[in-house]
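Computed from the coordinates by the stated procedures, all read-outs in this text should not be read as laboratory data. Computed from a prediction, not measured in an experiment: that's the story for all the values here.
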Ligand SMILES: C[S@@+](CC[C@H](N)C(=O)[O-])C[C@H]1O[C@@H](n2cnc3c(N)ncnc32)[C@H](O)[C@@H]1O
């Protein structure tokens, strides 16, 4: 078997036996995640790793964790959040109820950031806002529902929350542990949703879908964005990740509100 064939054998096994849709992700992303598990397990090549994956009871779970790309943060890319703040202000001024969808929300820090910002900004009426957070990953959704986050050696939650005027109004802090308060939680609901296989929603005023497309195979970007476009009301807003782009075939569905911050409006 060539190296490429061995890689495909592992990818197919992961898709068919472990239930993670490797065919939706780009190969360079999959290879990076697999190499990191191969280093950790001491596998010299894809064939050795295939045997470990098949024979070891723990490894399928470890690989799934590594593949579920759940890096996130409160107020990730603060400059983008200044753009989101203007959108929240406009929606608050224009409407009685505002429906926001944080699609692929990982462990909930993105939808909680939306709710905290709505509460924190004096020009936004948070009472009008409901935020819906969805992800494909059950473990991430469990963390989201609990709303408890910890600073670690590499993650400084207090620094992330520094975007707010006074974060103590939105989280209870005990040493390095931060618990989102009920005042914030009551604006947010979580549910499982697969952006590739599950249907569109409807009537959203704002959809935030950031840092998913960078991992996704080109072929699937378009159906995901079509799902999102159908879920937005006309003139509804879309925010994608700073390193992401709208595929050419879908450019006409959106007008650009801020190209640098990747904020768009549905035509
Ligand atoms: C890198 S995180 C981005 C989190 C957050 N949006 C942010 O920018 O900080 C990507 C998330 O996409 C989720 N995901 C991957 N494939 C998905 C799919 N098909 N449908 C919904 N979520 C998916 C992963 O579970 C992960 O939580």
With an 8 Å Cα cut-off and a minimum separation of 6 or more residues, compute the relative contact order for the chain in percent. 16
Does anyone have the angle between helix 218-231 and the longest principal axis of the chain? Alpha-carbon axes, 0 to 90°, nearest 10? 30
Prolate/oblate/rounded call for segment 3-67, Cα gyration tensor, a/c under 1.5 rounded: rounded
Which residue fluctuates the most in the chain, going by a Gaussian network model with Cα springs under 10 Å, if the choices are 56, 45, 159? 56
When the Cα atoms of segment 122-249 are enclosed in a convex hull and the volume is divided per residue, what value in Å³ results? 148
From the Cα centre of segment 1-71 to that of segment 220-261, the distance in Å is 31
Determine one quarter of the surface area of the Cα convex hull of the chain, which equals its mean projected area, and express it in nm² to one decimal. 15.1
Whole-number Å³ per residue for the convex hull built on Cα positions in segment 76-191: 99
Pick from 142, 230, 40: which is most flexible by mean-square fluctuation in a GNM of the chain where alpha carbon atoms under 10 Å apart are linked? 40
If you build a Gaussian network model of the chain, linking Cα atoms that sit under 10 Å apart, which residue out of 36, 23, 202 swings the most? 36
One would report the Cα pair-distance distribution of segment 162-213, bin width 5 Å, in %, as 4, 12, 16, 20, 16, 15, 12, 6, 0
In degrees, nearest 10, range 0 to 90: what is the angle between the Cα axis of helix 3-13 and the longest Cα principal axis of the chain? 60
For the chain, the longest principal axis of the Cα atoms and the Cα long axis of helix 109-120 enclose an angle in degrees, to the nearest 10, of 10
